[in-house]
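Report on the following structure.
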Amino acid sequence: MVMSLKSKYNLCVIGGGPAGMMAAISASLKGKRVVLLEKNKSLGAKLLLTGGGKCNLTHTNLSNKDFVSKFQKQGDFLLSPLSVFGVKETMEFFKELPLKVELDGRVFPKSEKARDVLDFFKKKLKENKVKVLLGVETANFQFKDGKIEKVVLRDKKEIFADNFLIATGGKAYGYELPKSIGHTITELKPALSPVQTKEKWVSILKGLSLRKVGVSLNKNKSIKGDVLFTHFGLSGPLILNLSERIKPRDKIFIDLFPDKSIDDLNKDLLSLFEKDSKKTIKNILSGLVSSKLLDIVLNFSGINKDQISRNIKKEERRKLIKNLKKIEFNVVTVLGFEKAMVTKGGVSLKEIDSKTMQSKIMENLYFAGEVIDLNGETGGFNLQMCFTTGFVAGKSIF
Ligand SMILES: Cc1cc2nc3c(=O)[nH]c(=O)nc-3n(C[C@H](O)[C@H](O)[C@H](O)COP(=O)(O)OP(=O)(O)OC[C@H]3O[C@@H](n4cnc5c(N)ncnc54)[C@H](O)[C@@H]3O)c2cc1C
């Protein structure tokens with residue numbers, strides 16, 4: 001039976017991303033009548049982009065305490081909801097997909113297709129009789145007796161419900177709805193953004209991923225992780241996670257051999273040069289450094305790539321080691337919201353009850369997902385936060 005738009009729902013979820021879909025399913029599993037409103041013509045547009053289309057949906061092998069540390073100082077807010085719907089429960093929820101766990105703890109659908117995760121959500125929404133309305137943008141709330149009575153859509157249609165849940169995502173969609181209730185929106189900044197560098201030569205390396213290299217920002221201690229070259233600069237998990245701390249004119253240094261000291265690297269090179277004394281330097285090093293990057297490092301070191309290794313002078317070797325251990329990049333800028341994976345900032349945590357995700361300002365209002373002032377590192381943390389807050393919010397509706 002098709003319900004009319006005026007029929008009363010127990011819950012009206014605004015936003016059909018991962019947080020909103022999870023909240024709608026969670027409430028419907030408790031027998032609630034739920035309507036889900038999405039302004040796009042389809043659900044989960046951003047979900048389809050996640051993990052480069054593969055969807056890194058959570059991160060396993062961490063205690064809840066270590067998990068929340070990935071959300072900086074705001075993370076503790078998640079301890080309570082994670083104890084109700086954490087990584088284990090998420091893996092159980094998606095087990096039909098099925099899932100695969102990478103060595104570093106990241107979890108993906110086995111098919112490596114974000115589309116399968118979205119299809120799974122759609123199936124669950126259908127099974128649980130959630131009414132999904134697409135292409136409907138919520139314009140504002142209307143109130144009665146100190147509570148939200150209904151939402152008004154852009155086309156002036158109205159939807160009545162006992163409870164409302166805002167899961168409208170980050171900066172791209174604005175924060176008008178929570179603001180209209182009187183909620184504080186903390187300072188908004190792009191987070192998990194790639195970096196544009198002065199060095200134009202990076203474009204030659206576009207798509208090259210460096211595994212477990214060392215990265216230091218200015219004079220800070222080096223951190224180990226993965227870096228990706230883009231046509232304008234640097235990206236990849238390590239750079240994205242650092243991006244909030246990077247400013248224009250900062251320097252980023254990449255160490256291709258973070259586990260070796262300069263002395264160790266010198267010894268290794270000497271023994272390689274001795275062993276293959278008639279081979280070219282490029283030939284010898286090509287197993288250790290990707291070919292295009294090697295050309296650049298050799299060029300910086302003033303060494304012809306076709307030079308025979310036994311002819312490499314001590315000074316040339318010294319320069320080569322320096323460049324292998326410290327490739328310098330000058331930051332032009334960290335890209336803005338249009339390239340950021342998530343928004344830092346959002347509805348203040350002080351105004352949300354972490355046990356229920358209920359607004360402390362409006363009794364029949366709940367929040368879930370990126371719209372809240374919570375943003376984590378890359379690695380599946382942000383989607384898990386959406387699933388956790390969405391599930392707990394949906395479950396808490398009465
Ligand atoms: C390129 C990229 C890759 C990413 N990869 C990963 C990853 O692999 N793992 C990970 O954990 N995280 C990843 N993220 C982050 C992740 O996508 C977000 O954390 C997540 O999508 C947030 O979910 P959400 O439901 O809160 O918001 P969204 O996914 O943004 O969904 C909000 C929805 O609300 C709708 N909406 C907004 N306003 C209204 C309105 N007024 N009325 C009706 N509907 C409205 C929007 O159209 C949208 O569909 C990635 C992000 C990007 C950009």
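Within the group GLY390, GLY379, which residue is within 12 Å of the ligand (Cβ to nearest atom) and assigned to a helix (DSSP H, G or I)?
Numbers: GLY379 fails: assigned to a helix (DSSP H, G or I).
One residue alone meets the criteria, GLY390.
Could you please give the count of residues in region 20-59 that are in contact with a Ser or Thr (Cβ under 7 Å, 6 or more places away or on another chain), under 13 Å from LYS131 (Cβ atoms) and of a type outside the set (Val, Ile, Thr)?
Residues flagged as in contact with a Ser or Thr (Cβ under 7 Å, 6 or more places away or on another chain), under 13 Å from LYS131 (Cβ atoms) and of a type outside the set (Val, Ile, Thr) within region 20-59 amount to 1.
Cβ-Cβ under 6 Å, sequence separation 6+ or interchain: first residue in region 337-348 and within 13 Å of LYS46 (Cβ to Cβ) and basic (Lys, Arg), partner modelled with pLDDT under 95 and surrounded by 23 or more Cβ atoms within 10 Å (Cβ to Cβ). Which pairs?
Once the first residue is within 13 Å of LYS46 (Cβ to Cβ) and basic (Lys, Arg) and sits in region 337-348, no partner that is modelled with pLDDT under 95 and surrounded by 23 or more Cβ atoms within 10 Å (Cβ to Cβ) comes close enough.
What's the number of the only condition in (1) assigned to a loop (DSSP other than H, G, I, E, B); (2) within 14 Å of the ligand (Cβ to nearest atom); (3) among the polar types (S, T, N, Q) that THR90 fails to meet?
(1)
So is LEU335 closer than 16 Å to LYS189 by Cα, of a type in the set (A, V, I, L, M) and within 13 Å of the ligand (Cβ to nearest atom) or not? Give the steps one after another, and end with the answer.
Numbers: closer than 16 Å to LYS189 by Cα: yes; of a type in the set (A, V, I, L, M): yes; within 13 Å of the ligand (Cβ to nearest atom): yes.
Considered against the rule, which asks whether it is closer than 16 Å to LYS189 by Cα, of a type in the set (A, V, I, L, M) and within 13 Å of the ligand (Cβ to nearest atom), LEU335 comes out as yes.
Would it be correct to say that LYS260 is modelled with pLDDT of 95 or more and buried (at least 16 other Cβ atoms within 10 Å of the Cβ)?
Values: modelled with pLDDT of 95 or more: yes; buried (at least 16 other Cβ atoms within 10 Å of the Cβ): yes.
Judged against the criteria, LYS260 is a match.
In the set LEU78, LEU43, LEU62, LEU36, which member is of a type in the set (A, V, I, L, M) and in a helix (DSSP H, G or I)?
One residue alone meets the criteria, LEU78.
Give me a count of the residues in region 93-114 that are outside any loop (DSSP other than H, G, I, E, B) and surrounded by fewer than 17 Cβ atoms within 10 Å (Cβ to Cβ).
2
Does GLY225 qualify as being more than 30 Å from LYS313 (Cα to Cα) and in the same structural domain as ARG317 (by TED's automatic domain parsing)?
yes
If I ask for residues that are without any contact (Cβ under 8 Å) to a residue 60 or more places away in the chain and touching a strand residue (DSSP E or B) at 6+ places or on another chain (Cβ under 6 Å), which ones from region 34-82 would you list?
THR60
Could you list, in sequence order, the residues of region 141-152 that are within 15 Å of the ligand (Cβ to nearest atom), surrounded by 14 or more Cβ atoms within 10 Å (Cβ to Cβ) and not aliphatic (A, V, I, L, M)?
PHE141, LYS150
Are there any pairs, at least 6 apart or on different chains, whose C-beta atoms fall under 7 Å, with the first in region 108-128 and touching a residue at least 24 places away in the same chain (Cβ under 8 Å) and the second hydroxyl-bearing (Ser, Thr, Tyr), and if so, which?
Hits for this filter: ALA114/THR50; ASN128/SER28.
For region 175-187, does any single residue satisfy the condition of being out of contact with any strand residue (DSSP E or B) (no Cβ under 7 Å at 6 or more places or on another chain) and within 10 Å of THR343 (Cβ to Cβ)?
no
For region 173-185, check the following and say yes or no: at least one residue is among the β-branched types (Val, Ile, Thr), assigned to a loop (DSSP other than H, G, I, E, B), buried (at least 21 other Cβ atoms within 10 Å of the Cβ) and in contact with a helix residue (DSSP H, G or I) (Cβ under 7 Å, 6 or more places away or on another chain).
no
Restricting to region 279-295, name every residue that is under 19 Å from PRO258 (Cβ atoms), more than 31 Å from the chain's Cα centre (by Cα) and assigned to a helix (DSSP H, G or I).
The one that is under 19 Å from PRO258 (Cβ atoms), more than 31 Å from the chain's Cα centre (by Cα) and assigned to a helix (DSSP H, G or I): LEU285.
Having 2 or more residues that are free of Cβ contacts under 8 Å to residues at least 40 places away in the same chain and over 15 Å from VAL331 (Cα atoms) is the bar; report the strands (runs of 3 or more DSSP E) wholly within region 194-245 that clear it.
Once the strands (runs of 3 or more DSSP E) in region 194-245 are filtered for at least 2 residues that are free of Cβ contacts under 8 Å to residues at least 40 places away in the same chain and over 15 Å from VAL331 (Cα atoms), what remains is 209-217, 223-229.
Can you go through GLU338, GLU315 and tell me which one is among the charged types (D, E, K, R) and part of a helix (DSSP H, G or I)?
GLU315
Can you find, within region 18-42, the residue that is surrounded by the most Cβ atoms within 10 Å (Cβ to Cβ) among those that are of a type outside the set (S, T, N, Q) and near the ligand (Cβ under 7 Å from one of its atoms)?
Only one residue fits best here, namely ALA19.
Only residues that are surrounded by 19 or more Cβ atoms within 10 Å (Cβ to Cβ) and among the hydroxyl-bearing types (Ser, Thr, Tyr): list them for region 355-376, please.
SER359, TYR366
The values are calculated or read from the model by the stated rules, or taken from the named source; none is laboratory data. Source: prediction; values computed, not measured. Cβ sites come from the backbone with ideal geometry, for glycine too, and all protein chains shown count toward neighbours.
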